[in-house]
Each structure stands twice: as C-alpha cells, then as structure tokens.
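First up is the structure itself, then whatever we jot down about it.
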Amino acid sequence: MSTTMHAIVYHGPGRKAWDEVPKPTVQADTDAVVKVDTVTICGTDLHILKGDVAAVTDGRILGHEAVGTVEEVGPGVKNVKPGDRVLVSCITACGACRYCRESSYGQCIGGGGWILGHKIDGTQAEYVRVPFADTSTYAVPQGVTDEEVLMLADIGPTGYEVGVLNGRVSPGDVVAVVGAGPVGLSAIMGAKLFSPAHVVAIDLADARLEAAKQFGADITVNPSREDAVAIVRGLTQGLGADVAIEAVGVASTFEQCAALVRPGGTVANVGVHGGPATLHLEDLWIRNVTITTGLVDTYSTPTLLKLLATHQVDLARFVTHRFAMGDFLDAYDTFARAAETGALKVVLTS
Ligand code: NAD
Ligand code: ZN
C-alpha cells in the first residue's frame, strides 16, 4: 500500500498546493487514521490563506471538516473501529480535561480544541490522523448522505450553539441575523426550530439574502439600500430585536447588532474578528443587554445528527458546488469567489 497521499498544504500567506506528502499513521494510542470520503472548505481556511491565523505555519495540511471511513485505530480507541463511517468534527476533544468535562470542547486544554488544519495536519487530504478518536468523531447515522453530515463538522453546530443557543432564541422572538453566509444561514435554520415570530436576514449580497429566504428568513434587508434598525424597530413597537446574531466578523456588524437589539435582549457574536470593535457602553449600560461570544464547542452535534436523521433540518441545501478531490484548487477558486459563483459550501469527494 502507498505510503504517500495528496493534500492541500499551506505554504505561507496566499500560497497553497495539492502536494504529495506522507500518509499519516497512528501516533498516540487514542488516534484513528481516517480515509477522507468527502471534505469541504471553510471561510476560516480563506482567513488562514490571507495570513490571519498565525498558528498555521508552512507545511500544514489545511481543513477541519470531513466525513470518512476509519482505516486504522490505536490500541486505546474503544468505540471506533476500522470500516466505521464517521464525521470528523472541527473540534477535537480529549474528553477528560476541565473544559471537556463541562462540554466546552472548543476550550479543551488536554490537547484538543480547534487543532485540525490549525495546530496539526487537517482534513483536506486523502487521509487524516484524528487524535482522541472516541470523543472527536461521530458515527454517521443510517439514511443520510455524507454531504449532509459534512455540514455538521462546523457550520451546523456553530450557527446553532454560538448564535441560536447563546442568543437564547425563544418562541415568538424577533431574531436578526447579520451576515447570511453558511454560518448565518445555519443560525437562521436553527432559529426556526424555536418558532420565532420573525427572522430578519441582513446582508450586503442579494444572492445571500435569496439563500436566507430559502433557509427560513421571512424578512431580508440589504443595508446598502435599507435601514436595518428602522425595519427591525418597525416590527417590534420600536423596541428592537430580541436576539441579534453577528455572523460576519467585522467591527461595523458587531456595532450594528448592538444597535439592533432591544433592551433586555441578547447580542450573540459568532464572527471571527481580526480587530477591535467599539462597545457603546454609554448607550448599552442602561439597556440590560447581554453580549455573548464563543468558539464552537460542538456539544450540539449529537442533537443535530438526530434532527438530520429524522428530517427536521435540511442540510443538503448548503451544497452548491461539487468537485473531485483531485480538483481541489478549482474548488478553492470557486469558494473564494462566492459573490460571483454563488457558492455556499463546496464539497469534494474522493
Ligand atoms: P462568509 O464570509 O461566507 O459570510 C459572511 C457574510 O457576511 C457574507 O454573505 C457577506 O456578504 C456578509 N457581509 C459582509 N459584510 C457585511 C456587512 N457590513 N453587513 C452585512 N453583511 C455583510 O462567512 P461564514 O462562513 O458564513 O462565517 C461567518 C463568520 O463566522 C466568519 O467570521 C467566520 O470566520 C466565523 N466563524 C466562527 C466560528 C466560531 O466558532 N465562532 C466558527 C466558524 C466560523
Ligand atoms: Zn479536553
């Protein structure tokens, strides 16, 4: 059997290649080596390629989302065995540290957290080594496609946990979602599970607003033409949104969420910010506003897998483009030009 494979390797800002590299092997006794069957690209990978994520160094294989087949496991792996089809999640969990014991796997201090395609080699490859395989993979349920499950490696739990659950979306709420990319759309889909009165999607791209309608937003606002705060106040007797979810990651959209939220409401920040934002405490201090932040923990993945398997959520809608794994560079190009190509999620299949 071949000891090499192909993978997307980061070579410094702006440089990546589909290189031939050594195939991973079991290193720790809790590792699994997984053959990657389907894999996707995240907006965060584009941030990495811009050089925004300093922990990613030359030679790193990118990617933190995959569905695959277990090829080999270490002697300490108990629940996962060769031949199993598994979801490889963006978050790896040691399962034993203080944070993992609180289900805050994203904050794992036992060697997990967001490590794949960040601190260790990732999933944009023919094979990937997955540490702590028992607590970092999920069995693929019967009757669902790899593509659907792949949407739960990152965007599904991110929109749901960091947006909807942190925001405490409740029945009858008016929920404003700023940014209707894959993460914002996932927050819209998750908010709909709670029977909100209105979901208002706010995005500069009309194509993304169209997608937001398909995912369940009943009102769309393009802030280049319309006043989002006035529209949301018009729906809420002048009060503002019960929950404002920030799913862009720039200062102006965080500040917009703080302006959109009603007294007593919640701003749930999901976006990855590369710089500071202004907190208008002079306006907010008297308004009982809660602001939440978070890296996804993926504690909701088992719930979302159940909702998928019982058809309560439709994840296939995220997939707009499909490629063979050998065409990875074309897939990156299509995903990076989302405004022109209309890409939401691109899926590569081995
Ligand atoms: P994306 O780039 O595909 O989507 C962002 C959307 O925001 C786009 O549709 C864009 O048109 C819109 N937008 C840009 N500027 C805007 C503005 N001023 N007003 C309104 N809309 C604007 O990104 P994504 O993949 O959906 O991810 C969204 C954010 O979530 C990113 O910052 C990403 O890094 C972050 N993220 C966070 C976590 C976490 O754990 N917290 C996990 C994954 C991704
Ligand atoms: Zn841990």
The chain, helix-only ellipticity at 222 nm - DSSP H runs n ≥ 4, -39,500 (n - 2.57), divided by all residues, nearest 500: -6000 deg cm²/dmol
Under Stokes-Einstein, the stretch 62-181 at 20 °C and 1.002 mPa s, with its Kirkwood radius over C-alpha pairs, diffuses with a coefficient in µm²/s of 138
Once you sort the root eigenvalues of the Cα gyration tensor of the stretch 157-292 as a ≥ b ≥ c, which label holds: rounded (a/c under 1.5), prolate (a/b larger than b/c) or oblate (the other case)? rounded
List the relative contact order of the chain as a percent without decimals, with contacts defined as Cα pairs under 8 Å and 6+ residues apart. 16
Run the numbers for Leu279 and Lys213: contour at 0.36 nm per residue of separation, minus the present Cα-Cα distance, in nm. 20.7 nm
Between His47 and Leu329, what is the spin-label point distance in nm, taking each point 7 Å from the Cα along the Cα→C-beta axis? 2.7
Karplus (6.51, -1.76, 1.60) ³J(HN,Hα), θ = phi - 60°, over the stretch 305-321, in Hz, Gly and Pro reported as x: 4, 5, 5, 5, 5, 9, 6, 8, 10, 10, 9, 4, 4, 5, 7, 9, 9
Which whole-percent values make up P(r) of the chain when all C-alpha to C-alpha distances are grouped in 20 Å steps starting at zero? 31, 57, 12, 0
Taking every DSSP beta bridge with both residues inside the chain, roughly what % is antiparallel (nearest 5)? 55
For the stretch 157-292, the dipole about the Cα centre with charges only on Cβ (Lys and Arg +1, Asp and Glu -1), to the nearest 20 debye, works out at 200
Charges at C-beta only: +1 for Lys and Arg, -1 for Asp and Glu. How large is the resulting dipole of the chain about its Cα centre, in Debye rounded to 20? 480
Order of exposure, largest accessible area first, which applies to Ser252, Ser103 with probe 1.4 Å: Ser252, Ser103
Using a Förster radius of 35 Å, what is the FRET efficiency between Ser103 and Ser350 based on their Cβ-Cβ separation? Nearest 0.05, please. 0.65
Along Cα→Cβ, 7 Å out, is where each label goes; now give me the distance between the ones at Arg15 and Thr69 in nm to one decimal. 3.6
Along the dipole axis of the stretch 140-286 (charges at Cβ: +1 for Lys and Arg, -1 for Asp and Glu; origin at the Cα centre), the most positive-end residue among Ile202, Leu235, Ile155 is Leu235
Leaving out ligands and nucleic acids, and using a 1.4 Å probe, what accessible area per residue does the chain come to in Å²? 42
With just the Cα atoms defining each centre, how far is the stretch 109-137 from the stretch 229-280? Give it in Å. 33
Please state the charge dipole magnitude for the stretch 73-142, taken about the Cα centre, from unit charges on C-beta atoms (+1 on K and R, -1 on D and E), reported in debye and rounded to the nearest 20. 160
Rounded to 0.05, the calculated FRET efficiency for the beta carbons of Ser224 and Ala54 at R₀ = 25 Å is 0.15
Tell me, what is the percent relative contact order of the stretch 157-292, built from C-alpha pairs under 8 Å that lie six or more residues apart? 25
Would you please give the FRET efficiency between Arg287 and Asn79, computed as 1/(1 + (r/R0)^6) with r the Cβ-Cβ distance and R0 = 41 Å, to the nearest 0.05? 0.30
Do you know the Lys pair count in the chain for C-alpha distances under 13 Å, with sequence separation 8 or more or different chains? 4
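The values are calculated or read from the model by the stated rules, or taken from the named source; none is laboratory data. Every value quoted in this text rests on a predicted model; they were computed, and no experiment measured them. In this analysis, Cβ positions are derived from the backbone assuming ideal geometry, glycine residues included, and neighbour counts consider all displayed protein chains. We work out accessible area using only protein heavy atoms, side chains counted, and drop any ligands, DNA or RNA first. Shrake-Rupley method; radii C 1.70, N 1.55, O 1.52, S 1.80 Å.
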